[in-house]
1. Please give the number of the condition residue 49 fails out of (1) within 13 Å of residue 125 (Cβ to Cβ); (2) surrounded by 19 or more Cβ atoms within 10 Å (Cβ to Cβ).
2. Let me confirm something: among 77, 92, which residue is touching a strand residue (DSSP E or B) at 6+ places or on another chain (Cβ under 8 Å), within 26 Å of residue 57 (Cβ to Cβ), at pLDDT 50 or above and surrounded by 13 or more Cβ atoms within 10 Å (Cβ to Cβ)?
3. All but one of (1) under 15 Å from the mean Cα position of the chain (by Cα); (2) closer than 26 Å to residue 181 by Cα; (3) not in a helix (DSSP H, G or I) hold for residue 78; which doesn't?
4. So in region 103-115, with the set limited to residues that are part of a helix (DSSP H, G or I) and out of contact with any strand residue (DSSP E or B) (no Cβ under 9 Å at 6 or more places or on another chain), which one is surrounded by the fewest Cβ atoms within 10 Å (Cβ to Cβ)?
5. Look at residue 57 and say whether it is on the phi < 0 side of the Ramachandran plot, surrounded by 12 or more Cβ atoms within 10 Å (Cβ to Cβ), touching a strand residue (DSSP E or B) at 6+ places or on another chain (Cβ under 9 Å) and at pLDDT 95 or above.
């Protein structure tokens with residue numbers, strides 16, 4: 001399985017978002033209550049789905065069942081602008097009855113089809129042990145590294161595709177800033 005840099009970074013952010021929702025400051029499990037509160041705010045959260053998709057995708061936590069896991073695994077190799085529309089994968093994904101109304105709200109938004117596909121992929125990744133994802137991706141990366149080593153030896157040129165671009169880093173910073181601003185608007189102190 002090949003995991004794109006986009007999904008690798010977003011998976012970490014999504015996992016952190018879920019982890020933040022799990023317990024309160026006293027260590028009590030409050031995930032169910034926090035998810036219910038987020039789901040009630042879906043009208044507002046739709047505005048954030050392109051800038052901070054990991055913060056919105058949590059509303060679909062445990063909403064997906066996958067009939068064709070191989071299709072979803074294939075999606076994990078895609079970059080953000082390569083994701084197919086939801087309608088092209090939805091036959092292979094079963095949505096929980098409680099999530100259907102949320103999905104309809106999301107699908108009315110301009111990037112709703114993209115976001116539903118993204119949410120399904122993130123949920124799929126969350127259900128896989130991190131070690132399994134890393135091992136599968138690592139095997140693919142090892143093959144690519146061997147090819148890159150051969151290319152570097154041949155022409156002596158650095159392969160700039162192996163480096164994170166300024167644009168990708170900038171997008172990540174923009175998402176972090178948008179998330180921090182949203183949290184600050186909800187009454188939380190900004191982490192600086």
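1. Failed condition: (1).
2. It is 92.
3. Of (1) under 15 Å from the mean Cα position of the chain (by Cα); (2) closer than 26 Å to residue 181 by Cα; (3) not in a helix (DSSP H, G or I), only one is false for residue 78: (2).
4. Filtering region 103-115 for residues that are part of a helix (DSSP H, G or I) and out of contact with any strand residue (DSSP E or B) (no Cβ under 9 Å at 6 or more places or on another chain), the one surrounded by the fewest Cβ atoms within 10 Å (Cβ to Cβ) comes out as 104.
5. In short, no.
Listed here are the residues, each with its yes/no results for (1) over 14 Å from residue 7 (Cα atoms); (2) out of contact with any helix residue (DSSP H, G or I) (no Cβ under 8 Å at 6 or more places or on another chain); (3) at pLDDT below 65.
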position	(1), (2), (3)
98	yes, yes, no
129	yes, yes, no
135	yes, yes, yes
141	yes, yes, yes
162	yes, no, yes
168	no, no, yes
179	yes, no, no
186	yes, yes, no
192	yes, yes, yes
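The values are calculated or read from the model by the stated rules, or taken from the named source; none is laboratory data. Every value quoted in this text rests on a predicted model; they were computed, and no experiment measured them. For neighbour counting, all protein chains shown are included, and Cβ atoms are generated from backbone atoms with ideal geometry for every residue, glycine included.
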